[in-house]
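Colleague: Handing you this structure, nothing more for now.
The values are calculated or read from the model by the stated rules, or taken from the named source; none is laboratory data. Because the structure is predicted, anything quoted here is derived from the model rather than measured. Note that each Cβ is placed from the backbone with ideal geometry, even for glycine, and that neighbours are counted across all protein chains shown. Each accessible area value is taken on the protein alone, full model and side chains, heavy atoms only, with ligands, DNA and RNA left out. Shrake-Rupley method; radii C 1.70, N 1.55, O 1.52, S 1.80 Å.
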Amino acid sequence: MDILTKKVKGAEDILPADSYKWQLVEEIMREEAAKSGFKEIRTPVFEHTVLFNRSVGETTDVVQKEMYTFDTKGGESITLRPEGTAGAARAYLEHAIYNDGLPVKVFYQLTCYRYEKAQAGRQREFHQFGMETYGAADPKADAEMICAANGIFDRLGVSDIRLELNSIGCKTCRKDYTNALKEYFTAHKGELCETCLSRLDRNPMRILDCKNESCKNIAKDAPVVLDYICSDCSAHFDKVKTFLDAADVSYTVNPTIVRGLDYYTRTVFEFVTDSIGAQGTVCGGGRYDGLIEELGGQPTPALGFAMGIERLMLVMKAQGIELPEEETCDLYIAALGDEAEKKAFSLACMLRSASLAVETDIVGRGLRAQMKYANKIKAKYSVVIGDDDLKNNKVTIKNMSTHDTVETSLDEDKFLEAMTDLVVGQQEELISGLLGEDAGTFFEALKNLNG
Ligand code: ATP
Ligand code: MG
């Protein structure tokens, strides 16, 4: 196939027939985040490479193998963001957002870039939704974060997913654990891949999330961090669990979760499913109390999660969760003849500025083909304008599903009034259907509200 019509490997298009699903899912995520007081942050697609080296970590798979890094014409090293936390933390510091008062709560929806082996649930460009809290050390903040992620799965009706929880301790208690890991992996040196050999001294915890089969095999029996955490970390972990219990969110403790990025401390969690194959981690997150300081800020507790939207879509598909596609066209205006076409076009513009969704022919189709098109786009109403209609200043608006008709004049205000009545009537019918007996009370209350 010609390269001009072939997308780059690992990138995916979201086509017009599917984009409504993304819009719905993204809208639900935004709403869920807003419910807990999170506001959106939008950061650039690229950042200085050192930002990721420092925050994600020099010995992680992401930094060592997966980043899209290049030099600009000005000789700067730039990297396409592999995740959203680093950019958010950078912006938090750069704009001193902490001056607005703590905690600071933000969410993001963005594309990420990782040079990985492309397969189902693993792309080179993919989408993440994430949330971040700065300035909250309390275990309630961990529970709030986890509940927010859980709320998104609930809203979407995703059930076949479990929450796995762990604590990986703080800087202090991590030392003992790192030593234990060093000792264990040194005894298995011969079976480690080259990258992991280099991690043995610098950061043996990273060996635990190596994807190499031989390394994975050895890592299975490695010491687990939960056995090494200090009493403060242990108390924090217990409280997180208490608050999750209070919120009725179920979880299992999985002592092998360490997360793939260096900045994590204490609580780590994943939402995992078995219904989409090997790439079953849909959401990962936790606490990173050292991150802001690592980037040059004051010591600031922080935490967050990132959810892979492609993987979420895969789970929803696997579970047969249907998203309703809204029919958007209120009216199709068909026209025959030069004058009628002009009238159709001006009516369409007028109705659109009055907030109705209207289409009229833009490709020079004959009348039959125009009506066929109106059916195809599932227009709610249609109207045909011909020369006679112009002369008589009278047209018939037809309900495309019931075939009921309403006669009206072509004067702009009269036509708009007729269309508004029809659309509002249809909405009221829909609401009545949903509310049943309560519909009368609802409309009464609405009228009072509107004076
Ligand atoms: P994995 O172990 O599957 O590589 P990860 O630990 O690298 O995941 P994170 O950095 O925690 O993933 O990213 C958070 C979420 O983003 C993941 O749980 C996943 O849903 C999604 N994600 C990560 N990498 C990809 C990718 N290459 N393609 C699609 N989604 C991804
Ligand atoms: Mg990964």
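Colleague: To the nearest 10 square angstrom, how much accessible area does His236 have with a 1.4 angstrom probe?
Modeller: Per-residue accessible area (His236): approximately 10 Å².
Colleague: At 7 Å along Cα-to-Cβ for each site, give me the label-to-label distance between Ile321 and Glu339 in nm.
Modeller: 5.6
Colleague: Once you put a point 7 Å from the Cα of Ile431 and another 7 Å from the Cα of Ser353, both along the Cβ direction, what distance in nm separates them?
Modeller: 2.8
Colleague: Please give the length that would be gained between Cys193 and Glu293 if that part of the chain were fully extended, namely 0.36 nm times their separation in residues minus their C-alpha to C-alpha distance (nm, one decimal).
Modeller: Roughly 32.8 nm would be gained on extension.
Colleague: While we're here: Within segment 344-450, what whole-number % of the accessible surface is contributed by carbon and sulfur, with the 1.4 Å probe and all protein chains included in the calculation?
Modeller: Carbon and sulfur together cover 52 percent of it.
Colleague: Spin-label point model (7 Å from Cα, Cβ direction): what's the Ile78 to Gln279 distance in nm?
Modeller: The two pseudo-label positions are separated by 2.6 nm.
Colleague: Please give me, ordered by residue number, the trypsin sites (Lys or Arg not before Pro) of segment 386-443 that lie in loop per DSSP and have at most 12 other Cβ atoms within 10 Å.
Modeller: Here the sparse-neighbourhood loop sites are Lys394.
Colleague: To the nearest 20 debye, what is the magnitude of the charge dipole of segment 344-450 about its Cα centre, counting +1 on the Cβ of each Lys and Arg and -1 on the Cβ of each Asp and Glu?
Modeller: Roughly 640 debye, rounded to the nearest 20.
Colleague: Subtracting the Cα-Cα distance from 0.36 nm times the residue separation, let me have the gained length for Tyr68 to Thr405 in nm, one decimal.
Modeller: The Tyr68-Thr405 span can extend by a further 115.4 nm.
Colleague: A further question follows. How much accessible area per residue does segment 1-135 have, in Å², with a 1.4 Å probe?
Modeller: For segment 1-135, the solvent-accessible area averages 53 Å² per residue.
Colleague: Let me ask something additional. Per residue, how much accessible surface does segment 183-228 expose to a 1.4 Å probe? Answer in Å², no decimals.
Modeller: 57
Colleague: May I ask you to list the residues of segment 4-34 whose amide nitrogen lies under 18 Å from a point 7 Å from Cα along the Cα→beta-carbon direction of Lys376?
Modeller: So the set is 16-18.
Colleague: Let me ask something else. Where in the chain are the helices, taken as whole DSSP H runs, whose Cα atoms extend 30 angstrom or more along the long axis and whose Kyte-Doolittle mean reaches at least 0.0?
Modeller: 412-435
Colleague: Quick one: which residues, 5 or more positions from Cys193 or on another chain, have an amide H under 5 Å from its amide H? H modelled 1.01 Å from N in the peptide plane, none for Pro or chain starts.
Modeller: For Cys193, whose amide H was placed from the backbone, the distant partners under 5 Å are Cys215.
Colleague: I would also like to ask the following. Could you tell me which of Ile168, Val224, Ala120 has its Cα farthest along the dipole of the chain towards the positive end, charges placed at Cβ (Lys, Arg +1; Asp, Glu -1), taken about the Cα centre?
Modeller: With unit charges placed on the Cβ atoms, the residue in question is Val224.
Colleague: Rounded if a/c is under 1.5, else prolate if a/b beats b/c, else oblate: with a ≥ b ≥ c from the C-alpha gyration tensor eigenvalues square-rooted, which is the chain?
Modeller: prolate
Colleague: Still on this structure, I have one more. Can you tell me how much longer the chain between Glu31 and Asn450 gets when fully stretched, taken as 0.36 nm per residue apart minus their C-alpha distance, in nm with one decimal?
Modeller: The Glu31-Asn450 span can extend by a further 148.3 nm.
Colleague: Which residues does a label at Asp154 reach in segment 302-326, if reach means a backbone N under 15 Å from a point 7 Å past the Cα toward the Cβ?
Modeller: Backbone N within reach: none found.
Colleague: Out of segment 26-60, which GluC sites (Glu not before Pro) are coil in DSSP terms and have no more than 15 other C-beta atoms within 10 Å?
Modeller: Glu58
Colleague: Give a quick list of trypsin sites (Lys or Arg not before Pro) in segment 180-289 that DSSP marks as loop, anything other than H, G, I, E or B, with at most 14 other Cβ atoms within 10 Å.
Modeller: Answer by residue number: Lys211, Lys220.
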